[in-house]
1. Just to confirm my filter: which helices (runs of 4 or more DSSP H) fall fully inside region 234-300 and include at least 1 residues that are in contact with a Gly (Cβ under 8 Å, 6 or more places away or on another chain) and among the acidic types (Asp, Glu)?
2. Taking residue 310 and the conditions (1) within 16 Å of ligand 2 (Cβ to nearest atom); (2) open to solvent by less than 10 Å² (accessible area, probe 1.4 Å); (3) touching a His at 6+ places or on another chain (Cβ under 9 Å), which numbered condition does it fall short on, given that it satisfies the others?
3. Just to be sure I understand, how many residues within region 440-456 are open to solvent by less than 30 Å² (accessible area, probe 1.4 Å) and in a helix (DSSP H, G or I)?
4. Inspect all residues belonging to region 386-405 and state whether any of them is of a type in the set (Ser, Thr, Tyr), modelled with pLDDT under 95 and on the phi < 0 side of the Ramachandran plot.
5. Which residues, counting only those in region 77-95, are under 18 Å from residue 27 (Cα atoms), at pLDDT 95 or above and either more than 39 Å from the chain's Cα centre (by Cα) or open to solvent by 40 Å² or more (accessible area, probe 1.4 Å) (or both)?
6. Out of everything in region 378-391 that is open to solvent by 10 Å² or more (accessible area, probe 1.4 Å) and more than 17 Å from residue 168 (Cβ to Cβ), what residue ends up being nearest to ligand 2 (Cβ to nearest atom)?
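The values are calculated or read from the model by the stated rules, or taken from the named source; none is laboratory data. What you are looking at is a predicted structure, and each value in this text was computed from that prediction instead of being measured. Heads up, the Cβs are rebuilt from the backbone with ideal geometry, glycines too, and the neighbour counts pull from every protein chain shown. In case anyone asks, the SASA skips ligands and DNA or RNA and just uses the protein heavy atoms, side chains included. Shrake-Rupley method; radii C 1.70, N 1.55, O 1.52, S 1.80 Å.
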Amino acid sequence: MINRTRIRDALKATEPMESVTVMGWVRTRRDAKDFSFVDLNDGSCLSGLQVILPGDLPDYDRWIGEITTGASLQVQGHLVASQGKGQRWELQASAVQLMGRSDASYPLQKKRHSPEFMREMAHLRPRSNLFGSVFRVRSRLAQAVHRFFSERDFFYIHTPIITASDCEGAGELFRVTTLDPSRGGDPTKDFFGKPSYLTVSGQLAAETFACALSNVYTFGPTFRAENSNTSRHASEFWMIEPEMAFCDLGGDMDLAEAFVKYLIQDTLDQSAEEMAFFDAFVDKGLLERLRWILERPFERVAYTQAVDILLQSGQRFEYPVQHGLNLQSEHERFLTESHFKGPITVYDYPKAIKPFYMRANDDGQTVAAMDVLVPGIGEIVGGSQREERLEVLESQLRAHDLSLEDYSWYLDLRRYGSVPHSGFGMGFERMLMFLTGVTNIRDVIPFARTPGHASF
Ligand code: 4AD
Ligand code: MG
């Protein structure tokens, strides 16, 4: 066991400390007449520790030149109040050990690099201020998700990643197969004896558990082979899907809105240093916007009302606005950014544009669906009340050309003690983009998978 003090803890010290050992990577070195300054970072927080390497350390002249950006160091010394400005503490080194050299080809230099450039080196970018911050916040956000549900007594269900059903019915499935494609593809001879895919959503499996344990959620990776090369779509992303028995659409919207607010509050509380950084360097006004959102209820707008607003806006859109058509991202953004100037929950969408499982409303035209839209992104949550009436669900499956046999297990939930139930899916990365102000989903995923890209 190597004993070390995390830089985060050293920086939070309340009094000077004798004999501290820290380890980390050199961000910069600056030489003065009789000593050198090193900015050492171990990723435990955004800030680095200022280390003073006195020129009278043994063999100083021999090794100082090797302490370059990117190199890893172990430093022992005394933590003392810093005389310089910009930091409270600094480490006066008494012994230094170069753990790993870094040569001049190290690509991360002090200057700011573009996100595109950084994507090409996704293996090194967590060492930068921006990406280190994004991934610390990502980790805390995942913990906050579990805390939110745990505080409300929801059970965490591990729904399968390999599945035979296309929950969303959009045909955006990645096939899972061990068949040799050159030999033709008889699915009955395949590994699972039938066509199998990577899941697009854990919802159907979560529903079965909600119809037993009442309140459950799943949180895991989902996969979509949609060929949309946008800044908000990834082929592999994480989704949080709660499912509640004895709950209608109103309760579903309540939970979704409370969840969004909880995650905002938690991130402001837990990641204050990173959030101040995003506010200064990524999205000016981010903090003010998030705090503003926390203070008021989300507007709720019926789909028809939303379409009327768009039609009357006088705004020119690339995609047509018409009752019955899906809202495009430009429409969603107009509603939330320009019209309502805050998050909104749109509900009761046309039946024809939604999946088979959503509950039909009495008007015969719409389903009890809802989406939460936020400024800068558009949709971050999509959910619905589920169709709990057996005959209606069967006719919906037929209308979507789906086999009743394949869904017999799902229909069983309606055969045996059916109850009203509802749930939603939140895109974890979309939420992270919303919280950090980062505008491209590729920059909030450790190693992003998008059409044409599966490097690292
Ligand atoms: O609206 P979606 O497709 O809903 C479902 O999958 C439902 N089965 C959820 C449920 O009711 N349990 O997806 C839910 C959310 C979207 O609102 C969006 O935030 C995110 O998942 N999402 C994506 N995020 C990143 N990349 C993609 N390609 C995404 N597709 C959806
Ligand atoms: Mg959706």
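1. On the way: elements: 249-270, 272-281, 286-295.
Per the criteria, 249-270, 272-281.
2. (1)
3. Selection size over region 440-456: 2.
4. Here is the first cut: in region 386-405, the residues of a type in the set (Ser, Thr, Tyr) are 395, 403.
After this cut, where a residue has to be modelled with pLDDT under 95 as well, the list is 403.
So of that shortlist, the ones also on the phi < 0 side of the Ramachandran plot come out as 403.
Yes; the residues of region 386-405 include at least one that is of a type in the set (Ser, Thr, Tyr), modelled with pLDDT under 95 and on the phi < 0 side of the Ramachandran plot.
5. Of everything in region 77-95, those that are under 18 Å from residue 27 (Cα atoms), at pLDDT 95 or above and either more than 39 Å from the chain's Cα centre (by Cα) or open to solvent by 40 Å² or more (accessible area, probe 1.4 Å) (or both) turn out to be 92, 93.
6. Result: 388.
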